[in-house]
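Q: Below are the structure tokens for one structure; questions will follow.
The values are calculated or read from the model by the stated rules, or taken from the named source; none is laboratory data. These numbers were taken from a predicted model, which means no experiment stands behind them. All Cβ positions, glycine included, derive from the backbone under ideal geometry; neighbour counts span all protein chains shown. Surface accessibility is based on the protein's heavy atoms, side chains included, excluding ligands, DNA and RNA. Shrake-Rupley method; radii C 1.70, N 1.55, O 1.52, S 1.80 Å.
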Amino acid sequence: MIKVKKRRVLLLPGDGIGPEVIAEVKKVINWFNDKKSLDFEIDEDLVGGISFDKHGIPLTDEVFYKALESAVIMLGAVGGPKWDGVEFSKKPERALLKLRKELKLFANLRPAICFEQLVNASTLKPEIVSGLDILIVRELTGGVYFGEPRGIKPIENGERKGVNTHTYTSSEIIRVARVAFDLAKKRSNRVISCEKSNVMEAGQLWKEEVQSLHDKDYKDVELSHMLADNCAMQLVRNPKQFDVILTDNLFGDMLSDEASMLTGSLGLLPSASLGAKNKDGEMRAMYEPIHGSAPDIAGKGVANPIASILSFAMALRYSLDLDKEAEALEKAVQEALNDGLRTKDIMSDKMKEVSTSQMGDAIISKLQ
Ligand code: NAD
């Protein structure tokens, strides 16, 4: 059994803008080391397309073992058109799925927060999104993305059949529901659980298990159930009705992307993928911005590093028990925005456009 080293942070910048945004996270970690003596041990390695180019696979065993030893993995992004022709099992994205699955990172947390300073960046009316603060808890290692049988096979008449299997067990549902209820207690104490229990048996089981866990252990949290398609509609109609949304892997994928756009920019939103705590209270976790490798802007120094920096704030809070430091970092981001600093993706009238590294430096100067 490989032990988790408590202060070990593994940086996996990956492809495209990944290295640019993770470089800013590294500056922030170094700042905490230098100024707050937090002695994080930083390690850095290859993942995704860049690993494929060097080693012929998107995640080597060596990097995987480093990941197993690290309390925090900070991932940039993987993939890009350069690797479109690579065979499926060696695609950059397979590295992510392997890390999530093998490290058993079953709970994906995606906050969708609308920054007051950027209310106008949303495509929805300001009064609909102003003050928005939702947390989506998505199950990440089960459901249709992993279920067996799967594949494409020939059938009669020269046709082919594509098969994926949507499956959940009680324990898979209960462990992620517990995360959602526990987090709701630290927020507005409300969970809305989303599935398609009207047409899917796995959805019916989801609803029943969430309800019985609630009735047994979380009576003090307000729980309601919503069909996932209705949730998609309600998110654009009246998003502020939500506090914590609990949902499965497939619906969570869609709903969290939809929620992210309520806030205006992909470049602002962090995420955390958490595993279970062992008996010593140790947990593996990976933190990453929700955006991809943005090949269209890679290498230009214009990527927004805020999503990655806020991902590190989540790491401070959830993996390292440093709530005060997490708050300070989030506040520093707000203050840089208050000063009118904007990367290109969120630029608007009368604001000052800054590069990726200038935004990182400004946030660090606010930490001082
Ligand atoms: P994307 O998130 O990379 O980009 C979508 C749009 O948002 C682009 O116009 C991009 O310039 C912009 N954008 C994204 N992040 C930004 C940032 N930090 N600052 C400023 N602008 C930003 O999505 P895509 O174009 O669909 O995918 C590109 C590649 O990334 C694909 O190969 C895809 O598979 C991969 N991808 C990886 C991850 C991941 O590593 N977790 C997630 C999604 C997509």
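Q: Which of rounded, prolate or oblate describes the stretch 1-112 when judged by the alpha-carbon gyration tensor and an a/c cut-off of 1.5? Show your work: numbers first, answer last.
A: Numbers: a/c = 1.86, a/b = 1.49, b/c = 1.25.
Prolate, since a/c reaches 1.5 and a/b exceeds b/c.
Q: Only Cα pairs under 8 Å and at least 6 apart count here; give the relative contact order of the chain as a rounded whole percent.
A: Dividing the mean separation by the residue count of the chain yields 21 percent.
Q: Please say if the stretch 107-268 is rounded, prolate or oblate, where rounded means a/c under 1.5 for a ≥ b ≥ c the square roots of the C-alpha gyration tensor eigenvalues, and otherwise the choice is prolate for a/b larger than b/c and oblate otherwise?
A: Oblate is the answer for the stretch 107-268, as a/c is 1.5 or above yet b/c matches or exceeds a/b.
Q: A follow-up question, please. So for the chain: antiparallel DSSP bridges make up what percent, rounded to the nearest 5?
A: For the chain, the DSSP antiparallel bridge percentage is about 40.
Q: A further question follows. Quick one: Karplus J couplings for the stretch 318-329, per residue in order, coefficients 6.51, -1.76, 1.60, θ = phi - 60°, nearest Hz, x for Gly and Pro?
A: Working through the residues one at a time gives 8, 9, 10, 6, 10, 4, 5, 5, 4, 4, 4, 5 Hz.
Q: For the stretch 107-268, which whole percent of the accessible surface, found with a 1.4 angstrom probe, sits on carbon and sulfur atoms?
A: 52 percent
Q: If you don't mind, there's one more thing I want to ask. List, in order, the whole-Hz ³J(HN,Hα) value for each residue of the stretch 299-313 obtained from phi through the Karplus relation with A = 6.51, B = -1.76, C = 1.60 and θ = phi - 60°; use x for Gly and Pro.
A: x, 9, x, 10, 4, 7, x, 5, 4, 6, 5, 5, 5, 5, 4
Q: Collect residues whose amide H, placed 1.01 Å from N in the peptide plane, falls under 5 Å from the amide H of residue 7; neighbours closer than 5 in sequence don't count.
A: Counting only residues 5 or more places away or on other chains, the set is empty.
Q: Using amide H atoms built 1.01 Å from N in the peptide plane, name the residues 5+ places from residue 47, or on other chains, whose amide H lies under 5 Å from its own.
A: So residue 47 has HN proximity to 14.
Q: Does the stretch 210-300 come out rounded, prolate or oblate, given a ≥ b ≥ c as the square roots of the eigenvalues of its C-alpha gyration tensor, rounded meaning a/c under 1.5 and, failing that, prolate meaning a/b above b/c? Let's see the in-between values first.
A: Numbers: a/c = 2.73, a/b = 1.25, b/c = 2.18.
Because a/c hits 1.5 or more and a/b fails to exceed b/c, the stretch 210-300 counts as oblate.
Q: While we're looking at this one, here's another question. For Cα pairs less than 8 Å apart in space and 6+ apart in sequence, what is the mean separation divided by the residue count of the stretch 50-128, i.e. the relative contact order in percent?
A: After rounding, I find 24 percent.
Q: Taking only the alpha-carbon positions of the chain and ignoring solvent, what does the Debye formula give for the base-10 log of I(q)/I(0) at q = 0.09, 0.10, 0.14 Å⁻¹?
A: Per q value, in the given order, log10 I(q)/I(0) is -0.51, -0.63, -1.27.
Q: Now for a different question. With respect to the cross-link table entries 26/91; 91/279; 82/196; 6/185; 98/196, which display a Cα-Cα separation exceeding 29 Å?
A: Where the Cα-Cα span goes over 29 Å, the pairs concerned are 91/279; 82/196.
Q: Pull up the cross-link candidates among the lysines for residue 161, meaning alpha carbon to alpha carbon under 18 Å and not fewer than 8 places away within one chain.
A: Filter leaves 153.
Q: Using Cα pairs under 8 angstrom and six or more residues apart, how large is the relative contact order of the stretch 78-216, in percent?
A: 16 percent
Q: Suppose all protein chains stay in the model; what accessible area per residue would a 1.4 Å probe give for the stretch 107-268, in Å²?
A: On a per-residue basis, 46 Å².
Q: Between 268, 254, 228, whose Cα lies farthest towards the positive end of the dipole of the stretch 107-268 when Lys and Arg beta carbons carry +1 and Asp and Glu beta carbons carry -1, centred on the Cα centre?
A: Ranked along the dipole, the leading option is 268.
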